[in-house]
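Written out below as structure tokens is the structure these notes cover.
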Amino acid sequence: MKIALVSEHASPLAELGDVDSGGQNVYVRALAIHLSMLGNEVCVYTRRTDKTAERTVHIGPRCRVHHVDAGPARHIPKDDMFPLMDDFAESLRRIWSQQPPDVIHAHFWMSGYAALLARPPEVPVVQTFHALGTVKRRHQAAADTSPTERLPTEERLVREADAIVATCTDERKELVALGASPRIIEIIPCGVESAVFHPRGPASSRSCRSRIVVTSRLVPRKGIQDAVAALRLLPTTELIIVGGPPESELAHDDEYRRLVALAGDHGVADRVMFTGGLSQAAVAAWMRSADAVIAAPWYEPFGIVPVEAMACGVPVIGSAVGGLLDTVAHGRTGFLVEPRDPQAIADRVDFLLNHPRVRARMSRAATARAALYQWPRVAHRVAALYARAVAARDDLAATS
């Protein structure tokens, strides 16, 4: 099968760390590679942000990234990109008129917009939102910088896409509320790279203190400040914050400076360490060194961090939101707490530190549960959805 993945702002080649680079970049790259390992021809279409970049970059056998010209070849914040999407779609239309794929899988709402404009009539479009504008608006209110076109475009996409991938049960509910037909929605979670995230690899060195780890982009909605505040109630515990720009650039990051000031205000600055953005292998090593991983976002479409931590055999204390409601088995692989509640985080950390047998039992259960999210399993399910979408489109063409 010839598969086109469209990811307008989240390139599989991007270095992680800025506010527009994160889970979607990792997801699209891993999905593309694992789909190609199943024997498919996969091309990821993403907007060119560097005029010196090659037009096509191979990231694996039968798997490549194609840079699409649309607007200036430089980084543009994703919330400012919608005016470029007609040009992006026209470039896709020209490519696909000559070499049509068998299926198009759009990632994020702007990619879906472009895919609907550019697709050949016989080619189905599968949509994954990664985040919904209605949810973002609900939680961020005036701080939401999404363009006005986002909400009506998402409403159009749930009506016109041939199939929709929801990454968790909570997202499915949101999609149905938005007007999507339940019959075209399939819940397929994000995958974890089990070759990297597993319990047996190296762990970062430990001090004499107990340790909690947060790994996240440095943005307020990820709730890192709540882990910092919880540290006031855990006097023998240190907090390692993994993520954000490279360590050499942290001082220029507004959220880093805010969190440093907050740690100072709480009197815990000597027990908070920032590593900056790291490779997946280094992230896994920090996770393995932890007594618990904290994932405390205000809201989260899926959230791969808890699954990565569980794959490393580490209990998770997570917010009871979004995908974490599916992935973290409360009381078995960790604990779920209400978002924005440092006291609840501290209480659960304290419990785990004082009950090592429970922590060990949760570690084993976490590893077993993470096996459900391994990428080969996820890629098989996505490929099966593509096959059904193609068959349905073929049946429709035969009867029209």
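So here's what we get for this one:
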item	result
Near-label residues of segment 160-187 by backbone N, under 16 Å of a point 7 Å along Cα→Cβ of ALA320	170
Stretchable slack from ILE187 to ARG364, in nm (0.36 nm times residue separation minus alpha-carbon distance)	61.2 nm
Label point at SER205 placed 7 Å out along Cα→Cβ; residues across segment 264-286 whose backbone nitrogen lies under 19 Å	271-276, 282-286
At q = 0.08, 0.09 Å⁻¹, base-10 log of I(q)/I(0) for the chain (Debye sum, equal scatterers on each alpha carbon)	-0.42, -0.53
ALA251-ASP395 FRET efficiency (beta carbon distance; Förster radius 51 Å; 0.05 resolution)	0.30
Stretchable slack from ARG357 to GLU54, in nm (0.36 nm times residue separation minus alpha-carbon distance)	103.8 nm
HN-Hα J in Hz across segment 191-196 - Karplus 6.51, -1.76, 1.60, θ = phi - 60°, x for Gly and Pro	x, 10, 7, 5, 6, 9
The chain: DSSP helices with Cα axial extent of at least 27 Å and average Kyte-Doolittle hydropathy no lower than 0.0	375-399
Kirkwood Rh, Cα atoms: Rg over Rh of segment 144-230	1.13
Beta bridges per DSSP with both ends in the chain, % antiparallel, nearest 5	10 percent
Computed FRET value (nearest 0.05) for SER279 with ALA143, which takes r as the C-beta separation and R₀ as 35 Å	0.70
Percent RCO, i.e. relative contact order, over the chain, from Cα pairs under 8 Å lying at least 6 residues apart	15 percent
Furthest towards positive pole of dipole, VAL314, LEU278, THR236, structure part segment 210-373, Cβ charges	VAL314
Helical contribution to [θ] at 222 nm, DSSP H n ≥ 4, -39,500 (n - 2.57), averaged over the chain, rounded to 500	-12000 deg cm²/dmol
Calculated FRET efficiency for the pair HIS330/SER97, C-beta based, R₀ 56 Å, to 0.05	0.65
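Coordinate-derived values only; no laboratory data. Just so it is clear, the model here is predicted, and its values are computed rather than measured. Ideal geometry is used to build each Cβ from the backbone, glycine not excepted, and the neighbour counts take in all protein chains shown.
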